[in-house]
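The values are calculated or read from the model by the stated rules, or taken from the named source; none is laboratory data. Computed from a predicted structure; not experimentally measured. Please note: Cβ atoms are built from the backbone with ideal geometry, for glycine as well, and neighbour counts cover all protein chains shown. Only protein heavy atoms, including side chains, enter the accessible area calculation; ligands, DNA and RNA are left aside. Shrake-Rupley method; radii C 1.70, N 1.55, O 1.52, S 1.80 Å.
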Amino acid sequence: MTETLLHIDHLAVEIAGHRALHDVVLDVPFGGSVGIVGETGSGKSLTCRAALGLLGSIGGSVVAGEATFDGMDLLTLPERKWREIRRYSIGFVPQTSLVSLDPVMRVGGQMAEAVRIVDGRAEAKERCRELLEAVEMPRAEQVLSSYPHELSGGMRQRVMIALALVGRPKLLVADEATTALDVTIQRAILELLDRLRRELDMALVLVTHDLSVVEASCETMTVMYAGATVERGPAAEICARPIHPYSRALIAAQPSMAGATTRLAALSGAPPELGEIPDGCSFAPRCPFATDVCRGGQLSLTPVAPGREVSCRRLDEVLQ
């Protein structure tokens, strides 16, 4: 058995003929935790869709690269096999719990439906209660008889996590799972995800724009910009000593990392739109180190330390 559960290598995706992902590299070890960070539009959620076989629903397709899960080539799987993987092997927690849950169906009914699909149980109520108790849901019995709008945001998110665990997955993908939650609830959800990962021997991919969340919750980090991986390595090391100019800019703009007396450094400009991703380094128009050499040709991740890789043509200057 390979040590890597999910392996994505130089993945490229097109949507409606436009390049959306073009150089994504991601490795998730068995039982490990990996954070994917970047601004809105950097390709984080699209990478998750590719890993879940859900690109077709948005008109996307893989045009280059490799993607394997537990030794299986994901790019050649028929839809029947994809449904099996999403049912049993990869759990998904979306960021919009209120939209993802059926507003006119009680929570218990929705969970029972999922349990019956996976386990084939005619009576699924006990399994539903077990799942809610596993995610530390208070008053589980009452929640089962409630409608989604009657629950708080944190409670709905726990329901989504419980639903993602129905098939006893090897990998849990949480896409902005703490978005719109207050800090106290956010911390509780992150601690819950970490506990579940350890107790269930399950790998975790945590997608967020907040580097402090990844630093506290993940072993390794992948930084994405404009559809590409620009830096990856141990989360604590990247947060303490970012190398890529984009990683540095993200950390400089983080209130929790800057300190109360430090002025935050705003990153000027905006990521390129879909279909407007330039050749060469996509970050060059916003990068203080960029020169003409950055604006052409293909980049690649370069090892800079054990377990750390950076995609930058000006590494010598950046590292000074």
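Tell me the relative contact order for the chain as a rounded percent, counting alpha carbon contacts under 8 Å between residues six or more apart.
For the chain, the relative contact order is 21 percent.
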Q | Cut-off 12 Å between beta-carbons: net charge of the residues surrounding M202, Lys and Arg +1, Asp and Glu -1 | A | +2
**Q.** Per-peptide average of other Cβ atoms within 10 Å, ordering 272-284, 34-46 highest first
**A.** 34-46, 272-284
Q) Which whole-Hz ³J(HN,Hα) couplings does segment 97-102 yield from phi under the Karplus relation 6.51 cos²θ - 1.76 cosθ + 1.60, θ = phi - 60°, glycine and proline marked x? A) 5, 5, 7, 6, 8, 5
Q: Once you have a ≥ b ≥ c as the square roots of the Cα gyration tensor eigenvalues for segment 94-205, tell me rounded if a/c is under 1.5, and otherwise prolate or oblate according to whether a/b is larger than b/c.
A: oblate
(Q) What would the Debye equation give as log₁₀ I(q)/I(0) for segment 1-98 at q = 0.12, 0.23, 0.24 Å⁻¹, counting only Cα atoms as equal point scatterers? (A) -0.38, -1.47, -1.58
Q) Tell me, what % of the accessible area of the chain is carbon and sulfur with a 1.4 angstrom probe? A) 51
(Q) Please report the antiparallel percentage of DSSP beta bridges with both residues in the chain, rounded to the nearest 5. (A) 60
Q.
Can you give me the angle between helix 107-119 and the longest principal axis of the chain, using Cα atoms only, in degrees from 0 to 90, rounded to the nearest 10?
A. 80
(Q) Under 5 Å between amide hydrogens, which residues at least 5 positions from L204 or on another chain qualify, with H placed 1.01 Å from N in the peptide plane? (A) G32, S33, V34, L172
Q) Any idea what log10 I(q)/I(0) is at q = 0.09 Å⁻¹ for the chain, Debye with uniform C-alpha scatterers and no solvent? A) -0.48
Q.
Please list, in order along segment 243-250, the HN-Hα scalar couplings obtained from phi with the Karplus expression 6.51 cos²θ - 1.76 cosθ + 1.60 (θ = phi - 60°), rounded to whole Hz, x for Gly and Pro.
A. 10, 4, x, 5, 4, 4, 5, 4
Q | Kirkwood estimate for segment 170-297, i.e. one over the average of 1/r between Cα atoms, Å | A | 16.3
Q. Which of A140, I189, L101 sits closest to the plus end of the dipole of segment 62-189, meaning its Cα is farthest towards the positive end, when Lys and Arg get +1 and Asp and Glu get -1 on the C-beta?
A. A140
Q: Taking the chain as the reference, fit the longest principal axis to its C-alpha atoms, fit the long axis of helix 125-134 to the helix C-alpha atoms, and give the angle between the two in degrees, 0 to 90, nearest 10.
A: 40
Q. Packing-wise, with mean Cβ within 10 Å as the measure, how do 287-299, 60-72 rank, highest first?
A. 60-72, 287-299
